[in-house]
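Before any comments, here is the structure.
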Amino acid sequence: MTKYKRADIQPIDYSSMKLEGLFSFDREVIEAPTLPLLHQAARFLLILEGEGVININGRDCPLTKGTLLAMMPWHFSEVTKVEKPLQYYILKYNVDIVNRFVKTLHDLDDNSNFLDLLYSKHTISCDKSELEILKNIFTSIKEELGEESVFTEGKKRPLTEVFVICKIIEIITLFIRKSEQDEALPPEEAAAEAEEAAGDDKALVNVFKYIYSHLGRGLSAENVANVFFTSKSTLTKYIKKTTGLSYENLVNEMKIGKIMEMLLYTELSINEIAFILGFVDQAHLTKVFSRRIGKSPNKYRQIFGSKLLLYNENDIRLFYKILDYVCKGYSGDLSIEVVSSEFGLTNAQLNEMFIYHVEKSFADFVNFIRIGNACKMLLNSNKNITSIAFEVGYNNSKTFLRNFNKLRGMAPSEFRLSGNLQEFDL
């Protein structure tokens, strides 16, 4: 893959996907190499026939009969070789909806996250019996949804949404179990391998996922550049030459899908959505959305709004109030008992809410915020380490040192000498 290779961004058209944007199914054929593409929606591809090679985030993945391919939002892909025409099923789905559904079934005390594996392990090779199982799953989904390209409608049945989500979870389960059998690399090792394979394009491996994962935090180009140890000009030039978009327009493009999702599946007000996603105000969100979609947010909700409210908007409002409280009050007494009492929750409810929304326990999130602020103080002030420990909310330096080393992998004094500030994923 050559440096700064331009990729088209595959748009999300929620109005054309079945069940108001949750899923779509199709069957496709590729007979020649494709142009680079950045995907906005998650998808599974099941190769039925053919041979070829696809490059995903800098890593070449062989495609043969029985290959199951997992593409995640803001993955970069390019079919670089087609030795025999590739015939495959393609299932697009809303990964955030499926993730939330999984969390209602999965033990929240188990910190395993299937998204990490899907982002790092792109393909599995299935044997004959596994391929038959997958073909049956995909076929049952096709019968529910119909095929997009030939405009066939699926059968009208009760609980289609639940049925299809359960089938997608079956696919994910098979993918994860097969990956474990194949002794897949841990996510961090897989990411390092992908960066090495990408060569000069290694920034592309993680930068789009990083920005997408931090929407709403108001990340500036400068902050993202710091995370990837580069300059703002290098980062913005890279994004422009790779996608054709400025940094600001790329962020807005990523936010469009999130806005659509909240308009369709919640009753949050436009102003609340604007706050959650980091827009200046409701007018700013409306301007960006209307220019991109051709309809105002309210009009879009009226036309395509789903009766299926998959998010409890009251829970979302409450969580963001708690998040704001924690981020602003990290230096004070932030015990789980104090915060639970402040918001009328039990300790278990508060902890479960944090695991559900940010994939971290309450205690881990508080440490994350405190250590992040300590890093900034270490680099931007001459305060001694003990003073910094107390300023960010620790009662003693021993606890601070233990948590700092756990999150940063080094002592505060070493970090100060290194002069590098790298943020963590929430």
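The values are calculated or read from the model by the stated rules, or taken from the named source; none is laboratory data. All figures in this text were calculated on a predicted structure; none of them were measured in a lab. Methodologically, a virtual Cβ is constructed for each residue, glycine included, from the backbone with ideal geometry; neighbour enumeration extends over all protein chains shown.
A compact table of results
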read-out: Selection from segment 43-53 of residues that are within 20 Å of THR139 (Cβ to Cβ) and either of a type in the set (A, V, I, L, M, F, W, C) or surrounded by 19 or more Cβ atoms within 10 Å (Cβ to Cβ) (or both); value: ARG43, PHE44, LEU45, LEU46, ILE47, LEU48, GLY50
read-out: Residue pairs meeting the criteria (Cβ under 7 Å; at least 6 apart or on separate chains; first over 17 Å from ARG317 (Cβ atoms), in segment 343-356; second modelled with pLDDT of 90 or more and crowded, with 17+ Cβ neighbours inside 10 Å); value: THR346/SER340; ASN347/ILE336; ASN347/SER340; ASN351/ILE336; ASN351/PHE362
read-out: Residue tally, condition outside any loop (DSSP other than H, G, I, E, B) and free of Cβ contacts under 8 Å to residues at least 24 places away in the same chain, over segment 385-405; value: 10
read-out: Tally, over segment 339-354, of residues that are touching a helix residue (DSSP H, G or I) at 6+ places or on another chain (Cβ under 8 Å) and surrounded by 17 or more Cβ atoms within 10 Å (Cβ to Cβ); value: 7
read-out: Residue selected from segment 277-318 under the condition among the hydrophobic types (A, V, I, L, M, F, W, C) and at pLDDT below 85, by the criterion surrounded by the fewest Cβ atoms within 10 Å (Cβ to Cβ); value: ILE303
read-out: Residue match in segment 135-146 (condition: at pLDDT 95 or above, of a type in the set (A, V, I, L, M, F, W, C) and part of a helix (DSSP H, G or I)); value: yes
read-out: Given (1) at pLDDT 85 or above; (2) in a strand (DSSP E or B), number of the condition LEU131 does not satisfy; value: (2)
read-out: Test for ILE371: is it under 24 Å from the mean Cα position of the chain (by Cα), under 29 Å from ASP96 (Cα atoms) and not basic (Lys, Arg); value: yes
read-out: Entirely in segment 218-307, the helices (runs of 4 or more DSSP H) that have 3 or more residues that are among the charged types (D, E, K, R) and under 27 Å from HIS75 (Cα atoms); value: 232-243, 247-265
read-out: In segment 54-80, the residues that are touching an Asp or Glu at 6+ places or on another chain (Cβ under 9 Å), crowded, with 17+ Cβ neighbours inside 10 Å and assigned to a strand (DSSP E or B); value: ILE54, ASN55, ILE56, ARG59, LEU63, LEU68, PHE76
read-out: Whichever residue in segment 81-102 is without any contact (Cβ under 8 Å) to a residue 60 or more places away in the chain and of a type outside the set (Val, Ile, Thr) and, among such residues, is surrounded by the most Cβ atoms within 10 Å (Cβ to Cβ); value: LEU86
read-out: Every pair of residues 6+ apart whose Cβ atoms lie under 8 Å, when the first sits in segment 302-328 and is among the basic types (Lys, Arg) while the second is at pLDDT 75 or above; value: ARG317/LEU268; ARG317/GLU272; LYS321/PHE343
